[in-house]
Every structure is written in structure tokens, then in C-alpha cells.
Amino acid sequence: NFTIGNDSPLFEKLSSMPVKLGDISEIFVGLQTSADTVFLFKEYTEQTDGYQVISKALNENVVVEKELLKQVVRSGEIGRYWARPTALVLFPYLSLLGKSKLISEIDLKKKYPRTWNYLLLNKKLLSQREHGKFKETGWYQLYPKNLDSWERPKIMIPYMVTRLSAYYDENDYYFVNVITGGFGLVLREALGKPQYTVGLINSKLLD
């Protein structure tokens, strides 16, 4: 960083402080699907037996079971102390002891037949992701990174902003990718309430 003018002494003083945000927290990016057209739904309607969503990959309406859908906050729908989920992401996993386990093909077919049929329609596209990397480990899986990070209290920081902002989430909201979402943050040490850190991040000084 190059700083000039009246603010440069203050910036240099802040930069020299020994404790950085990365030292006291775990910072992680949103889910990575490698196929947002299949997994991410921006238009949806709740029904008694699931959600009717518009699949961009198929360019048509489909119904998937609501148990496998997570609320997503997208860029432009989060600010200082507020967030509004406006999308859903298909998450074909079960949580076991705090770890996300990919639902087997047998269980998907039996317990979530609508989702299974939808995934089958996109099998070719999904199998070709990451140069076929997921063919053997589960052709409908998400990128195996940060899958267990989102369903817990956390600070959410959007990526595309004109002013630094943060929101403390206790609703298990998700980000998908970075550019269209942002970063999650969980404090590693007992530093008081995380809302205090949110207040610091939202301050004019840290901006």
C-alpha cells in the first residue's frame, strides 16, 4: 500500500499494530459449485412438497426437495448490520457430527427423487467439471472446500463493496463463490462478543 497526504501517519500506525484480523480468526470463501447454472437458483417459489425453481442449465422450471436447499446471500444484498437472502443453492449433503457427507446415489434416489431426477438431467455437465475430477468421488458433489463452515454463527463480509461492511449471521446463510458473495469469518479466540468485531469492521477507521 502506498499512502500519501494527511492520512498516511494514521495508516502507517494501524499497519504496525501486531495483531491482524487473520491472526485471530478463521476466514473462508463461499461454496464453489463449478456449475452455478445447475446448483444456484435465483428465482424460486415455495410449495408444500418442495421448491419450484428455475434451472438456468435446463432453462425450465423444476421442483426439488426443500431439505437440500440452503439460503444464499448474494452481492448487493448485504451491508452494514443487515443481509437478505435472495437465492437458493442445492446442497446434496447431510451433516454428521458437524461434517458434511455427500448423500449416496441410493439414498438420493430413494429419499429425494425430484432432486435425483434433476441431477440426472445434468449428469453430463456435472461429470465434466474440473476436467472430470469428480467422476469417481461423486459426479454431483460440490468442490470439497468449506462445506462445513457455513452453518454456524459467523461474520459475513461481502466482496463487491464501495465501503467495508460486515453482518453477524446466526441464520446459517451461505455465500456461493467470492465475487458474487464474499467471505465468512469466525473468531478463533474468546475476544468477547463477535458483534464487537462487526462494529470495528463497520467503522470508518477500518474502512
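The values are calculated or read from the model by the stated rules, or taken from the named source; none is laboratory data. Note that the structure is a prediction, hence the values are computed from the model and not measured. Here the Cβ is made from the backbone with ideal geometry for all residues, glycine too, and neighbour counts use every protein chain on show. Note: accessible area is taken over every heavy atom of the protein model, side chains too, but ligands, DNA and RNA are not part of it. Shrake-Rupley method; radii C 1.70, N 1.55, O 1.52, S 1.80 Å.
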Discussion item. Looking at the stretch 135-149, I want the residues that are more than 18 Å from Leu40 (Cα to Cα) and modelled with pLDDT under 95 and have a partner that is of a type in the set (A, V, I, L, M) and not in a loop (DSSP other than H, G, I, E, B) with Cβ atoms under 6 Å, at least 6 apart or on another chain. Which pairs are those?
Written reply: Gly138/Leu102
Response to the item:
Matching residues in the stretch 151-168 (over 15 Å from Gly199 (Cβ atoms) and not in a loop (DSSP other than H, G, I, E, B)) number 2
Response to the item:
The residue that is most open to solvent (accessible area, probe 1.4 Å), considering only those in the stretch 118-150 that are touching a strand residue (DSSP E or B) at 6+ places or on another chain (Cβ under 7 Å) and not aromatic (Phe, Trp, Tyr), is Asp148
Item to complete: Hand me the list of helices (runs of 4 or more DSSP H) wholly inside the stretch 45-143 holding 1 or more residues that are in contact with an Asp or Glu (Cβ under 7 Å, 6 or more places away or on another chain).
Response: 113-121
Response to the item:
Picked from the stretch 18-35 (must be part of a strand (DSSP E or B) and not β-branched (Val, Ile, Thr)), the residue surrounded by the fewest Cβ atoms within 10 Å (Cβ to Cβ) is Glu26
Worksheet, complete the sentence: Residue set Lys66, Lys99, Lys70; condition among the basic types (Lys, Arg) and more than 30 Å from Gln195 (Cα to Cα); output residue Lys66
Practice prompt. Please work out which residue is most open to solvent (accessible area, probe 1.4 Å), limiting yourself to the stretch 44-61 and to residues that are within 20 Å of the chain's Cα centre (by Cα) and among the β-branched types (Val, Ile, Thr).
Written response: Ile54
Practice prompt. Select from the stretch 173-204 the residues that are within 30 Å of Leu94 (Cα to Cα), open to solvent by 60 Å² or more (accessible area, probe 1.4 Å) and part of a loop (DSSP other than H, G, I, E, B) and list them in ascending order.
Written response: Ile179, Arg188, Glu189, Ala190, Lys193
Discussion item. Kindly evaluate Ser15 against the criterion of being surrounded by 10 or more Cβ atoms within 10 Å (Cβ to Cβ), among the polar types (S, T, N, Q), modelled with pLDDT under 95 and closer than 24 Å to Lys204 by Cα.
Written reply: yes
